[in-house]
Each structure stands twice: as structure tokens, then as C-alpha cells.
1. When residues of the range 131-140 are filtered for being out of contact with any Phe, Trp or Tyr (no Cβ under 7 Å at 6 or more places or on another chain) and open to solvent by less than 50 Å² (accessible area, probe 1.4 Å), how many remain?
2. When you scan the range 146-165, how many residues do you find that are among the basic types (Lys, Arg) and open to solvent by 80 Å² or more (accessible area, probe 1.4 Å)?
3. When you look at ASP143, is it in contact with a His (Cβ under 9 Å, 6 or more places away or on another chain), under 17 Å from LYS95 (Cα atoms) and open to solvent by 80 Å² or more (accessible area, probe 1.4 Å), yes or no?
4. Test GLU86 against the stated conditions and say whether it is at pLDDT below 90, in a helix (DSSP H, G or I) and either surrounded by fewer than 17 Cβ atoms within 10 Å (Cβ to Cβ) or among the hydroxyl-bearing types (Ser, Thr, Tyr) (or both).
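The values are calculated or read from the model by the stated rules, or taken from the named source; none is laboratory data. All values reported here derive from a predicted model rather than from experimental measurement. Quick reminder, even Gly has a Cβ in these numbers, built from the backbone with ideal geometry, and neighbours come from all protein chains shown. With ligands, DNA and RNA removed, areas are computed over all heavy atoms of the protein, side chains included. Shrake-Rupley method; radii C 1.70, N 1.55, O 1.52, S 1.80 Å.
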Amino acid sequence: MSWSQNRLPGLVALLLVTSAALFAVGTAIEHSQRAGHHAEHPAAVSAATKSGETSAEQKAKGESSDVSSGEKKPAKAVAPNAGNAETGGETHSEKIAGIDPESWPLVAVAIAVTLLMAAGVYRRRGRWLAAAAGFGIVFAVADVRELVHQIDESRRIVATIAGILIGLHLLAALAAGAAFRRRAGEPGQPASVT
């Protein structure tokens, strides 16, 4: 195979490896933001457990605890969808069918599958290119969902990463599709050779 025949599959592999690395970075940032947000509210949680009421119950009564004096005073008006200490401030659940897609084991599986796809595209081509095109589209759709979620949560850095991942996955899908079509058009090269 000549250098020109390796360009599109090489580009697809590079885009997939880059997206896997960026996905890992984005997930790590999001996890650290979640952990930082949970660490900001331990006083509110401990005050609520001392009084026997959750902060949601106190807000419903129109009271809030003053941690330093133990006094109860009227609570500020809170929007009905605002997060509280128990939910970590998130207004929407990130779980899909009861599974957190950003748990570290699932993140590791997604990265491993992406790297396997990149290796298959670069070394084998054929069906791997078609699979990479579908893979890129599916992951771009998931990235759109993540982008919307991060915008709702006002996490600009992670939203930016999700936006970049949309572009990387769509570009990988387009390049894989073009390489697959080019390979199918070559004389003597069936498109489904692995």
C-alpha cells in the first residue's frame, strides 16, 4: 500500500486516539468538579443531620440552619429545580437506564473500544472503516447529549470538551466513510476485506 492509501485510515485512527484522550480528560475534569462541589457542602449536610431534618425539609418549612450558632432563620427563596447538598447541586441525573455512563469502569471500556477501533482501522481497514464511521456517529450523538447536560449544569470547560468531541467524532465518521468508499472503488479490492 502506498502512502496515499494510508492517509485517510491514518487520519481516522489519529482522530479516534485523540478523542479517547480528550474523553478521559473531560471525564476526569467533570469528576473533580463533582467532588469539589460535594466538598463545599459538608457543613450544610452536617447541620441538617444534627437537627434531624434535611435541608430540603428545612427549605420546605422556610427555615435554614445557621451552622455557627445553631439558630434557625427563614430560608431564602429557592427555585424548585435548584440542587441541594444531597444531590451535589446537579439539577439533572446523568444516569441512563439506571447506569452512570461516566463511571470509571465504563469510561475505561469506552477508551479501550476506541483504541481497539483505531488500531483496527489503521492495520486492517475494510470493515473496520465502516464500523468506525458508525462508531463516530453514535459517539457524536452521545456527545451532543453531554454538551446539553453540561450547558444546563453551567460547566463551561466540560461543555467545550464535549463540543470538540462532537467535531472529532463527526470528522472521524466522515473520514472513515470516505476511506471505505475509496477502498470499495479500488479495482480488485472488495469493501468487506478485513
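1. Here is the first cut: in the range 131-140, the residues out of contact with any Phe, Trp or Tyr (no Cβ under 7 Å at 6 or more places or on another chain) are 131-132, 134-140.
From what is left, the residues that are open to solvent by less than 50 Å² (accessible area, probe 1.4 Å) are 131-132, 134-136, 140.
So the count comes out to 6.
2. Filtering the range 146-165 for residues among the basic types (Lys, Arg) gives 155-156.
Now restrict to residues that are open to solvent by 80 Å² or more (accessible area, probe 1.4 Å): 156.
Summing the residues that are among the basic types (Lys, Arg) and open to solvent by 80 Å² or more (accessible area, probe 1.4 Å) in the range 146-165 gives 1.
3. Working: in contact with a His (Cβ under 9 Å, 6 or more places away or on another chain): yes; under 17 Å from LYS95 (Cα atoms): yes; open to solvent by 80 Å² or more (accessible area, probe 1.4 Å): no.
For ASP143, the condition - in contact with a His (Cβ under 9 Å, 6 or more places away or on another chain), under 17 Å from LYS95 (Cα atoms) and open to solvent by 80 Å² or more (accessible area, probe 1.4 Å) - is not met.
4. Numbers: at pLDDT below 90: yes; in a helix (DSSP H, G or I): yes; either surrounded by fewer than 17 Cβ atoms within 10 Å (Cβ to Cβ) or among the hydroxyl-bearing types (Ser, Thr, Tyr) (or both): yes.
So GLU86 passes the test.
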